[in-house]
1. Restricting the search to the stretch 77-93, which residues are more than 19 Å from R36 (Cβ to Cβ), at pLDDT below 85 and buried (at least 18 other Cβ atoms within 10 Å of the Cβ)?
2. Condition test on L74, is it buried (at least 21 other Cβ atoms within 10 Å of the Cβ) and either in a helix (DSSP H, G or I) or modelled with pLDDT of 85 or more (or both)?
3. Quick check: is even one residue across the stretch 98-117 modelled with pLDDT under 85, in contact with a Gly (Cβ under 8 Å, 6 or more places away or on another chain), part of a loop (DSSP other than H, G, I, E, B) and closer than 17 Å to T5 by Cβ?
4. Quick check on my filter: what residues within the stretch 77-97 are part of a helix (DSSP H, G or I) and in contact (Cβ under 8 Å) with a residue 24 or more places away in the chain?
Amino acid sequence: MNGATSVWWLDQRPGCDVQDRQAMLDYLRNFNLAPRPVHDLASLDLPMMRRAGLDGVLLLFAFDADQPELHYCLRQARQHGLPAIALLPAVSAIERADLLERGADDCMSEPIERRELAARIHALRRRRVIQQQPSQHRPDRPLAADNIRFGHWQLDTRRQSLSSPEADVVLSNAEYRLLLTFLNQPHQVFTRDRLMDEARGRGVDAFERSIDLLVSRLRHKLGDDPRQPALIQTVRGKGYLFAAAPA
């Protein structure tokens with residue numbers, strides 16, 4: 001399978017159907033994917049996986065959205081730059097949003113449709129390749145700076161935190177990426193789909209309200225009045241606009 005995308009597969013479900021899992025593995029091989037089962041959490045060596053499969057994707061099968069092992073794997077995947085898809089028996093919109101904020105690049109609920117899973121893996125890889133390429137739409141200065149000032153705020157890009165004379169605020173990974181997206185292109189209207197892709201990747205049934213919830217949380221941390229926002233402004237029928245440019 002020359003050029004096949006590595007798919008690191010960790011199944012944390014108790015009593016999972018071995019035959020069904022093998023059928024899924026065999027099916028994915030038909031779509032230029034190379035499944036590589038990981039037997040348990042102790043065998044999850046993400047630095048090695050990242051080196052061995054630079055184009056790889058981590059599949060995390062779990063039995064509960066609150067499973068500590070799942071959250072640990074998502075943190076590790078985010079730390080080592082390995083895209084991760086969380087797959088669960090059932091997941092609500094709120095749980096999906098929480099998993100995306102914790103580092104999942106995509107979420108799916110069982111029963112998993114094999115063709116759709118293969119398509120989502122390839123879609124995730126395409127987005128990652130685009131994100132890694134230089135873009136004329138993304139100025140380098142804000143991304144290269146350790147501290148970005150806007151209004152009375154200062155964003156510490158190393159600690160992913162905000163500070164002002166009145167407050168110190170820690171941002172979630174998704175909130176940080178959303179704010180950085182806004183700062184890179186102030187005064188530009190972003191659609192919800194674009195923000196979903198830029199800030200955290202697209203989940204299954206990527207409800208528009210998921211990005212609305214994330215914007216609401218960021219507004220709250222910035223002290224931006226949602227009734228009369230001065231920073232993150234809603235553009236009716238289009239999306240959002242960031243009204244403050246970095247100094």
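1. Answer for the stretch 77-93, where residues must be more than 19 Å from R36 (Cβ to Cβ), at pLDDT below 85 and buried (at least 18 other Cβ atoms within 10 Å of the Cβ): just V91.
2. Yes.
3. yes
4. Residues satisfying the conditions are A77, R78, Q79, A93, E95, R96, A97.
The values are calculated or read from the model by the stated rules, or taken from the named source; none is laboratory data. What you see is a predicted model; the values in this text were computed from it and never measured. Heads up, the Cβs are rebuilt from the backbone with ideal geometry, glycines too, and the neighbour counts pull from every protein chain shown.
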